Amino acid sequence: MAPPQKRRRRGGGSLTGRLIFISAVWILLLLGAGGYALDRVLTSALTRNFDAQIGYVMTALIGSAEIDPQGGAYLNRTLADQRFLEPNSGAYFQITAIRNRGEKARPELDLPSQSLWDRRLKVQGGHNDYGVHSYDSTEFGTSEKLRIMERDVRLPGSKVRWRFQVAQSREELDAQISVIERTMIYSFVVLGLGLVVLAALQAFYGLWPLRRVRRAIAAIRSGRASRIEDAFPREIEPLTEELNDLLAHNETQAEEARRHAGNLAHALKTPLTVITNAATADAPDLADTVCREATTMRRQVDHHLARARAIGRRSSAQARSPVWPSLESVERAVSRLYENATVDLAGDKDAWVRVERQDLDEMVGNLIENAAKYGGGRVFVTVHNTPECVEIEVEDDGRGIPESERASIFDRGARLDTGKPGTGLGLAIVRDVAHIYGGSVTLEESEDLGGLLARLKLPLCA
């Protein structure tokens, strides 16, 4: 038969891949947002500087403008920038008379720069530009984008409003912006790749101890080691400690299982030998011998099965049970079984213990049933919730047990009253199961009822 193949669960993905992906996305978002904001800031700064240069020309143009005797505009001094004299140079100005509504326009009064040649800047009426107004325009075609600044001024000696316009090609401005954008893109791409590589290195280096843990576990599985002995970072140490504790716990359980199997085999060996000898010798009391030894074997099997079930269920980290529902369930069962007994419950109804419900029912059931069976008819059960544990006190009004015999009553097969039915395993099972869960059971004298008080302590469930 071929050995079963190891199945690897799919869909979980790689932790390293997740870290790198999250880092890459976050870096991309940050660099994208930062690059966009930086591009806007630098573009705005270059545009403001470009507008400031046009503004200087506008101020010089307004300071040089005068009105001639015919009412037209002229400049009393030539602007220093020679581009205004060269046709299609990319630097233009125009002074235009803005007529009132209904008046006929007189283009001969306007003053365009020589660089405009046979073209004119568009003048949009219907609004006043007494403040400086800047905008982009493609009125000369998309091949020559313009940045235009205009302002309306009342010149001395003139009854009309004059619009001063200074235009300059955006070629130089767009070239500067393009250089900055390319530089930023290259720089941010290199920076982003560098940060992603750094994140990948961090992920691989940071998760490297987990790979060491995996190799250590593989060594344990193959038998080369029994514990994880290597030193790990502080964040990994709790994991390795828990793994070592789990290994120790499993070894303890395996040892307990072997011990219980050996004890059970040893306990059954003597009754089986007695039965075999009686059958071989054809003894006249063979039937009685078989029944007696079978009862002994049943007691042993029941005892060890109860311990084995408790040990198996103890390994569950989710073991937790409410005490009060378990007591109520046992109280109903005992009241039907022993009609002359009265079971009263009192104490904390919200107590929880770190015990499986089935084991809790078995422990309190044995204690309450013994109190009802061997007591005088009254059973009082009290639950105390202390900071360390939960105490369950079971009292009866029976004869009690002398202090010198209280320890031996926990032995397997020990009976309080041999005249009543039973196997003598109840208290032994309670003691063993309580010890498995880290609890205890003790026998004392009841001060209120005068009989026996069984005090069961179980670990508190936080």
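Would you say Asp81 is at pLDDT below 90 and of a type in the set (Asp, Glu)?
yes
Which members of the range 20-70 meet the condition of being in the same structural domain as Arg170 (by TED's automatic domain parsing) and touching a Gly at 6+ places or on another chain (Cβ under 7 Å)?
The one that is in the same structural domain as Arg170 (by TED's automatic domain parsing) and touching a Gly at 6+ places or on another chain (Cβ under 7 Å): Ile67.
Could you give every pair whose Cβ atoms fall below 6 Å, whose first residue belongs to the range 272-283 and is assigned to a helix (DSSP H, G or I), and whose second residue is among the charged types (D, E, K, R), counting only separations of at least 6 or pairs across chains?
Val274/Glu293; Ile275/Glu293
Inside the range 124-209, counting only strands (runs of 3 or more DSSP E) that do not spill past its ends, which hold 3 or more residues that are over 57 Å from the mean Cα position of the chain (by Cα)?
Correct list: 146-153, 161-169.
Of the residues Val364, Val343, Val355, Val390, only one is assigned by TED's automatic domain parsing to the domain that holds Leu427, out of contact with any Ser or Thr (no Cβ under 7 Å at 6 or more places or on another chain) and aliphatic (A, V, I, L, M); which?
Exactly one residue qualifies, and that residue is Val390.
Of the conditions (1) modelled with pLDDT of 85 or more; (2) buried (at least 21 other Cβ atoms within 10 Å of the Cβ); (3) of a type in the set (A, V, I, L, M), Ala428 clears all except one; give me its number.
Answer for Ala428: the failing condition is (1).
Can you report the number of residues in the range 40-69 which are surrounded by 13 or more Cβ atoms within 10 Å (Cβ to Cβ) and hydroxyl-bearing (Ser, Thr, Tyr)?
Count: 4.
The values are calculated or read from the model by the stated rules, or taken from the named source; none is laboratory data. Note that the structure is predicted; figures quoted are calculated from it, not measured. In this analysis, Cβ positions are derived from the backbone assuming ideal geometry, glycine residues included, and neighbour counts consider all displayed protein chains.
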